[in-house]
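To start, the structure itself, in structure tokens.
The values are calculated or read from the model by the stated rules, or taken from the named source; none is laboratory data. Small disclaimer: the values here were computed from a predicted structure and weren't measured. Heads up, the Cβs are rebuilt from the backbone with ideal geometry, glycines too, and the neighbour counts pull from every protein chain shown.
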Amino acid sequence: MAHTPDTLDLRELALKSGGSVERVFSLGIAPVMLGGLSFDVVIKGDGVHVLVRRIGGGYLLDISLRATVYGPCYRCLEEAVLEVQASQEEYVPQRVEEWQEAEVSAFIDDFVVDVAALAREALVLALPLKLLCDESCRGLCPGCGNPTASPECACDVVEPDPRWSPLAGLDLGDAENGETSGPPFDARST
């Protein structure tokens, strides 16, 4: 891997066991594609923070960043803005040959860390499954295509297909904690 402003060579840090160093990288992240939709990313603060600690058998990297993600709402296609706090930890073994390939990050090659790629991965993993303009967004009306319950939508409320009625009482709670993940199923909200 070639050295660029977005990479960090761990050998050049000359860390002794127990030592640590923090670096901040000012970099951009290309738009993220999720579900065929493009989301722009703006890194907040002073950049991507990388804390490197020398531990027994290798290095431990902590990557963290704050970002704002902009793009279309999953339900209504209006602009959604989401503040994201992302972090990721990676272990870099001194002897890579003793580890299976799946256990070693693809973004670290010969002790050179691709900070931009790890930051992007941390950001994507921190994003929710659906980016919404508002948690209460009801999406677009299937009849007229305007936002549901907006002044532009004069459509009558469509009753759900009666075949979905057995799901109305479905409890989506967490059996271990006794918590519910939301209201009972409503076929009109999907």
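Give segment 134-144 a look and list any residue that's under 29 Å from the mean Cα position of the chain (by Cα) and loosely packed, with under 13 Cβ neighbours inside 10 Å, or say none.
Within segment 134-144, Asp134, Glu135, Ser136 qualify.
May I ask you to verify whether Asp40 is within 19 Å of the chain's Cα centre (by Cα) and under 19 Å from Ala106 (Cβ atoms)?
no
When the residues of segment 149-166 are filtered to those that are more than 34 Å from the chain's Cα centre (by Cα) and hydrophobic (A, V, I, L, M, F, W, C), which remaining residue is modelled with the lowest pLDDT?
Val158
Sort out for me the strands (runs of 3 or more DSSP E) sitting completely within segment 1-94 that have 1 or more residues that are under 19 Å from Val115 (Cβ atoms), touching a Leu at 6+ places or on another chain (Cβ under 9 Å) and of a type outside the set (A, V, I, L, M).
In segment 1-94, 20-25, 48-55, 58-72, 79-93 are the strands (runs of 3 or more DSSP E) which contain 1 or more residues that are under 19 Å from Val115 (Cβ atoms), touching a Leu at 6+ places or on another chain (Cβ under 9 Å) and of a type outside the set (A, V, I, L, M).
Does any residue in segment 121-148 that is at pLDDT below 90 come within less than 8 Å, Cβ to Cβ, of a residue that is part of a loop (DSSP other than H, G, I, E, B) and loosely packed, with under 13 Cβ neighbours inside 10 Å six or more places away or on a different chain, and which pairs are these?
Between residues of segment 121-148 that are at pLDDT below 90 and residues that are part of a loop (DSSP other than H, G, I, E, B) and loosely packed, with under 13 Cβ neighbours inside 10 Å, the close pairs are Arg138/Ala149; Pro142/Val158; Gly143/Val158; Cys144/Glu152; Cys144/Ala154; Asn146/Glu152.
I need every pair where a residue in segment 151-171 that is more than 18 Å from Leu140 (Cβ to Cβ) has its Cβ under 9 Å from the Cβ of a residue that is of a type in the set (Phe, Trp, Tyr) and surrounded by 10 or more Cβ atoms within 10 Å (Cβ to Cβ), sequence separation at least 6 or different chains.
Close Cβ pairs (under 9 Å, with a partner that is of a type in the set (Phe, Trp, Tyr) and surrounded by 10 or more Cβ atoms within 10 Å (Cβ to Cβ)) amount to Trp164/Phe185; Leu167/Phe185; Ala168/Phe185; Gly169/Phe185; Leu170/Phe185.
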